[in-house]
Amino acid sequence: MTALLAAGAATLCTVLAAAPAPAAVAGRPQQQEWWLAKLGIRAGWLASRGAGVTVAVLSDGVDASQPDLTQSVTQGPDYTGARQAGPYFGEQGTPIASLIAGHGHGRSKAFGEIGVAPKARILSVQVTLPGNDPQLGPDAARLDGWIAQGIRYAVQHGATVIDLPLDPSQPGATGTSAAAAAAGGSPAERAAVSYAVSHNVVLVGPAGDNGSNGDGVSYPAAYPGVISVGAFNSAFIKAPFSNRNGYVTVTAAGVDMVAATSTGYASVSSTNAASAVVAGIAAMIRARFPSLTAAQVRHALIRSTVYRPRGGASDGSGYGTVNAARALALAGRMVAATAPAGAKAVPGRLPAAPSVVLRPGLGSTLLRDLEISAAVLIALLLLVAAYAVTGRRKPRRALSGAAEWGRSRTAQPRYADSATDADRMLEYFAAPVRQPAKEMALPPRSGTLVRAASGQPPFGPASPAPDAGVLAAAPDRGLFAPAGR
């Protein structure tokens, strides 16, 4: 039986080891999402994936038919009048939504984009137009009003995290400077931001993409109460285009970000992409700890950063680089510290992320191999069971034959007397006769304790006299205990 089980285990290991590692295939950008591991997002998934949280994406629309976003997008109003049509619809919003809440597609979700909070929902509110949209010119003066309306709509329709748009007035951000009316902010936008903050909503905005083109202030990111996000690359080097102003709160991945589009996948480099990462982490925190306020979520993001500048914060870098696992752990400690007495404490430390990340498509391959291995193992177990059943039906050997295991054919007999082997076996396994307890003297520390036989001294002739103590033998167990106890 042991041999058969070992053979089954060996077969299982052989099949798993033979599983080929899938190569990178078009339509599988998950292998290029370097920020998921480097920013502690995969580790944070052990605690939260954003389930139950709605993130509003205020942009130029989101293509809900994108395979990685199906059944995750709710279409809100279109304040621009573009009617969610044309080649420019969702040019910016669809990639941002996929970075936040993309859930992949295909078997085991092995294809497509995986967002920071893949179980969160997206509320798309169209408040801007892409820079190459010809409608942007005549409508630019109305952009700040549309953004303000979009913020209020998102708050009133259940969004607890809002990802704000990139300032369309910046030439480096949209390719046009026609939207100068939005520069410097507006009373409508400022009032809408205050409205969202008062309703316990986390606001995240891109710091701006004009770091190498004037480094002007970007709104709505620069309003008080907004978490403004700068961008860096996979080496944690700040992007040249990322704004260097003092209102930057934190930094996140924003260079060479593979994201979903209406027609496939593309590389995105922008502080808008960086803000999407932070919005996703905020959704993870809100899903895991819904009792935390927006201010507490902001505190957890700021106080858990890595690469923190000396002195706490610096222009363009803010308080450092966000890390999802550290932010969730800190949020857990904050909840535990404010929990009433007797309440179940929330762990403040997350388990480490797996050191090996499965490649896309490996899950289905392993599943198939496990099914094959299980079938082989079941067959082996059936053979073992059949062997056990047939073995029971065989006649037992005579007792004299069974006793042959106790002695060798050529070796000396196991026992010295003249009784038969069968008699010796029966005598060996016979129950001992109970005898009254005998007082035993304690031998010297170097001696050996021996049960006293009736009418004999407790120790052999060569044994030295005991130096202390008396032990009594329990007649039924053969155990020794101090006399008098």
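Given a Förster radius of 56 Å and the C-beta distance between A386 and S108 as r, what FRET efficiency does 1/(1 + (r/R0)^6) yield to the nearest 0.05?
0.90
For N245, enumerate residues with amide H under 5 Å from its amide H, sequence gap 5+ or separate chain, H modeled in the peptide plane.
Here G316 satisfy the definition.
Give the accessible area for D256 in Å² (nearest 10); use a 1.4 Å probe, count only protein heavy atoms, and leave out ligands, DNA and RNA.
90 Å²
Tabulate in residue order the Karplus-calculated ³J(HN,Hα) for the stretch 200-214, using 6.51 cos²θ - 1.76 cosθ + 1.60 with θ = phi - 60°, rounded to whole Hz; enter x for Gly and Pro.
3J(HN,Hα) across the stretch 200-214, in whole Hz: 6, 10, 7, 10, 10, x, x, 5, x, 10, 10, x, 9, 9, x.
Taking H as built 1.01 Å from N, whose amide H comes closer than 5 Å to the amide H of F111, not counting residues under 5 places away?
Sorted by chain and number, the residues that satisfy this are H105.
Quick one: grab the alpha carbon gyration tensor of the stretch 207-317, order the square roots of its eigenvalues as a ≥ b ≥ c, and give me rounded if a/c is under 1.5, else prolate or oblate depending on whether a/b is larger than b/c.
Because a/c hits 1.5 or more and a/b fails to exceed b/c, the stretch 207-317 counts as oblate.
Using a 1.4 angstrom probe with every protein chain in place, what is the largest-first accessible-area order of H157, H103?
The ordering from most to least exposed comes out as H157, H103.
At 0.36 nm per residue, and after removing the present C-alpha to C-alpha distance, how many nm does the segment from S65 to S314 gain when stretched out fully?
Residue separation times 0.36 nm, minus the Cα-Cα distance, leaves 85.5 nm.
For I378 and H299, compute 0.36 nm times the residue count separating them, minus their Cα-Cα distance, and round to one decimal in nm.
23.0 nm
Sorting D163, D315 by accessible area (1.4 Å probe), largest first, what list results?
Putting D163, D315 in descending order of accessible area: D315, D163.
Of R333, R121, which has the most accessible area with a 1.4 Å probe, and how do the rest follow in descending order?
The ordering from most to least exposed comes out as R333, R121.
Provide the gained length on full extension for the span A266 to S198, in nm with one decimal, where the gain is 0.36 nm per separating residue minus the Cα-Cα distance.
Here the answer is 20.8 nm.
The values are calculated or read from the model by the stated rules, or taken from the named source; none is laboratory data. In this text, all values refer to a predicted model and were calculated from it rather than measured experimentally. Don't worry about glycine lacking a Cβ; one is built from the backbone with ideal geometry, like all the others, and counts go over all protein chains shown. For the accessible areas, the whole protein counts, side chains as well, though only heavy atoms, and no ligand, DNA or RNA atoms are used. Shrake-Rupley method; radii C 1.70, N 1.55, O 1.52, S 1.80 Å.
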